[in-house]
1. Take the stretch 75-95 and flag every residue that is within 16 Å of Val58 (Cα to Cα) and among the small types (Gly, Ala, Ser).
2. Enumerate the pairs (first residue in the stretch 42-64 and exposed (fewer than 11 other Cβ atoms within 10 Å of the Cβ); second residue anywhere and not small (Gly, Ala, Ser)) with beta-carbon separation below 7 Å, excluding pairs fewer than 6 apart on the same chain, so at least 6 apart or on different chains.
3. Quick one: how many residues across the stretch 18-40 are within 16 Å of the chain's Cα centre (by Cα) and either on the phi > 0 side of the Ramachandran plot or part of a helix (DSSP H, G or I) (or both)?
4. Looking only at residues in the stretch 90-108 that are surrounded by 13 or more Cβ atoms within 10 Å (Cβ to Cβ) and not in a strand (DSSP E or B), which one is nearest to the chain's Cα centre (by Cα)?
5. Can you pull out every residue in the stretch 1-14 that is within 27 Å of Val99 (Cα to Cα) and surrounded by 10 or more Cβ atoms within 10 Å (Cβ to Cβ)?
6. Closer than 30 Å to Lys10 by Cα, acidic (Asp, Glu) and touching a residue at least 40 places away in the same chain (Cβ under 8 Å), is that true of Glu92?
7. Say whether the condition of being in contact with a Ser or Thr (Cβ under 6 Å, 6 or more places away or on another chain) and hydrophobic (A, V, I, L, M, F, W, C) is met by at least one residue in the stretch 80-103.
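The values are calculated or read from the model by the stated rules, or taken from the named source; none is laboratory data. Note that the structure is a prediction, hence the values are computed from the model and not measured. Every residue, glycine as well, gets a Cβ built from its backbone with ideal geometry; the counts of neighbours run over all protein chains shown.
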Amino acid sequence: MTVITDEFMKQMMSTTKTYSIVILKAGPKRHEPGVEQIVWEHGRRNFALREVGVLSIVCPVTDGSDVNGIGIFNVDIEEAKKIMDEDPGVKEGIFVYEVHPCRSFPGDNLPK
């Protein structure tokens, strides 16, 4: 494994940027019949947010838990809340969410 020096860590930490992480959870109506179309539209909206660079990373969680997904937004917390409050799944009570500030390295991405 590569040796990481304190100097390298300090240099890299100075390049981080603030993002907002959204943890999407099952809402009170998540398991009601007929929610599939609204969940589909939630997904369509995520694609649109990705396309304009607002939603940098989107990860649906598929383990059957109450956590339904994680997203990293390229906006501050207040803007992330505004975006999520307009989500069709949130508006219908299918999802609820938490927003937290986080830092990461611009340009990071998931491996292919």
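1. The answer is Ala80, Gly89.
2. Listed pairs, sorted by first residue: Gly53/Asn74.
3. Within the stretch 18-40, residues that are within 16 Å of the chain's Cα centre (by Cα) and either on the phi > 0 side of the Ramachandran plot or part of a helix (DSSP H, G or I) (or both) number 1.
4. Only one residue fits best here, namely Val90.
5. Within the stretch 1-14, Met9, Met12, Met13 qualify.
6. Here the answer is no, as Glu92 does not meet what is asked.
7. Yes; the residues of the stretch 80-103 include at least one that is in contact with a Ser or Thr (Cβ under 6 Å, 6 or more places away or on another chain) and hydrophobic (A, V, I, L, M, F, W, C).
Let's see how each residue does on (1) β-branched (Val, Ile, Thr); (2) closer than 20 Å to Asn109 by Cα; (3) at pLDDT 95 or above; (4) out of contact with any strand residue (DSSP E or B) (no Cβ under 7 Å at 6 or more places or on another chain):
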| residue | (1), (2), (3), (4) |
| --- | --- |
| Thr5 | yes, no, yes, yes |
| Gln11 | no, yes, yes, yes |
| Thr18 | yes, yes, yes, no |
| Ile21 | yes, yes, yes, no |
| Gly27 | no, no, yes, no |
| Ile38 | yes, no, yes, yes |
| Glu41 | no, no, yes, yes |
